[in-house]
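**Q** First the structure, which I've put down as structure tokens, then a few questions once you've had a look.
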Amino acid sequence: MFTFIGKLILLFGLVILAMRCMGKTVLAQLTPPDLAAIVFLVTLSISPIKANGFGQTIAGIITIVIMYLLFSKLSLFRWLNRMFIGQPSILIKHGKISKKDLRKTRFSLVELLSTIRAAGYPNIRDIDYVILEPNGELSILPNQSVVNLTPRHLNIETDYQGLPIAMVVEGKIQHKNLKLIQKDEKWLQDELTNKGFRQINNIFYAAVTDRDHSLIVDTGIDYQKA
């Protein structure tokens, strides 16, 4: 039993180390080589482990959960977080590509350009920063000159439109949501009747806004709004 648990702990740690060595991009990009590497890595890591009986299976599950929780706790410490999780890497700064960081993170220029184009920025000069996060995702921060204008930029005050809260979903009343707005089923029935909807079973979706309780009804065929 102890040998079995020891193998689990060792291989679990080796897999984490191997994934860290493969770089951050393997976590998010999943190109064919990335996927093949992960499949082979997982297959080879579990092949030496064979649980003999129900007891070892339970012990193995408990061991993996404990190891996962332990790594999660250890990653709260800064220096261990850098070891297990990694740090963000700046791939583009003020419109200029960092060749050094691209090579360090093994992130190809083709993938970088493709990702920022998909985000709506074909010209790298329009980008202040592109940051490769520890989870493999890219954070793209555009230059202020290309950011879409919002009412805030123009110092225009806007009214809060309210959050639509579902009242009826596929003909069924959402009683918990009714309680959120401190209303009951009779109130909902009256509101629907006033709008010409007498049969709740015929309503595909209905919602009210939390601001003024205005009603939105969709039968799945046409659309009406109070």
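The values are calculated or read from the model by the stated rules, or taken from the named source; none is laboratory data. Predicted, not measured: the structure shown is a model, and the values here were computed from it. Here the Cβ positions follow ideal geometry from the backbone for every residue, glycine too, while neighbour counts run over all protein chains shown. Each accessible area value is taken on the protein alone, full model and side chains, heavy atoms only, with ligands, DNA and RNA left out. Shrake-Rupley method; radii C 1.70, N 1.55, O 1.52, S 1.80 Å.
**Q** Give the residue that is most open to solvent (accessible area, probe 1.4 Å), with candidates limited to residues of region 101-149 that are part of a helix (DSSP H, G or I) and basic (Lys, Arg). Show your work before the answer.
**A** Taking region 101-149 first, the residues part of a helix (DSSP H, G or I) are 101-105, 109-118, 124-126, 144-146.
Then drop every residue that is not basic (Lys, Arg), which leaves 103-104, 117, 125.
Numbers: 103: 167, 104: 149, 117: 134, 125: 150 Å².
Looking at the filtered set, the residue picked out is 103.
**Q** A follow-up question, please. Which residue is modelled with the highest pLDDT, if the candidates are limited to region 62-111 and must be touching a Ser or Thr at 6+ places or on another chain (Cβ under 9 Å) and polar (S, T, N, Q)?
**A** If we take residues in region 62-111 being touching a Ser or Thr at 6+ places or on another chain (Cβ under 9 Å) and polar (S, T, N, Q), then 98 is modelled with the highest pLDDT.
**Q** Of everything in region 189-226 that's part of a loop (DSSP other than H, G, I, E, B) and of a type in the set (Val, Ile, Thr), which residue is modelled with the highest pLDDT? If you could, list the steps in order and put the result at the bottom.
**A** First, pick out the residues of region 189-226 that are part of a loop (DSSP other than H, G, I, E, B): 195-199, 203-204, 210-214, 219-222, 226.
After this cut, where a residue has to be of a type in the set (Val, Ile, Thr) as well, the list is 203, 219, 221.
Numbers: 203: 88, 219: 80, 221: 74.
Going through the qualifying residues, I end up with 203.
**Q** List pairs: first residue in region 89-117 and over 13 Å from residue 140 (Cα atoms), second residue among the polar types (S, T, N, Q) and assigned to a helix (DSSP H, G or I) anywhere in the structure, Cβ distance under 7 angstrom, at least six positions apart or on different chains.
**A** 105/25; 106/25; 107/25
**Q** Of everything in region 158-193 that's among the polar types (S, T, N, Q) and exposed (fewer than 13 other Cβ atoms within 10 Å of the Cβ), which residue is farthest from residue 205 (Cα to Cα)?
**A** The initial filter retains those residues of region 158-193 that are among the polar types (S, T, N, Q), namely 158, 161, 174, 177, 182, 189, 193.
Adding the requirement that they be exposed (fewer than 13 other Cβ atoms within 10 Å of the Cβ) leaves 158, 161, 182, 193.
On the way: 158: 27, 161: 19, 182: 20, 193: 15 Å.
Filtering first and then ranking leaves 158.
**Q** Right, here's the next one. Is there any pair with a first residue in region 48-65 that is closer than 12 Å to residue 4 by Cα and a second that is open to solvent by less than 60 Å² (accessible area, probe 1.4 Å) and not in a helix (DSSP H, G or I) whose Cβ atoms are under 6 Å apart and which are 6 or more apart or on different chains, and what are they?
**A** 57/51; 60/51
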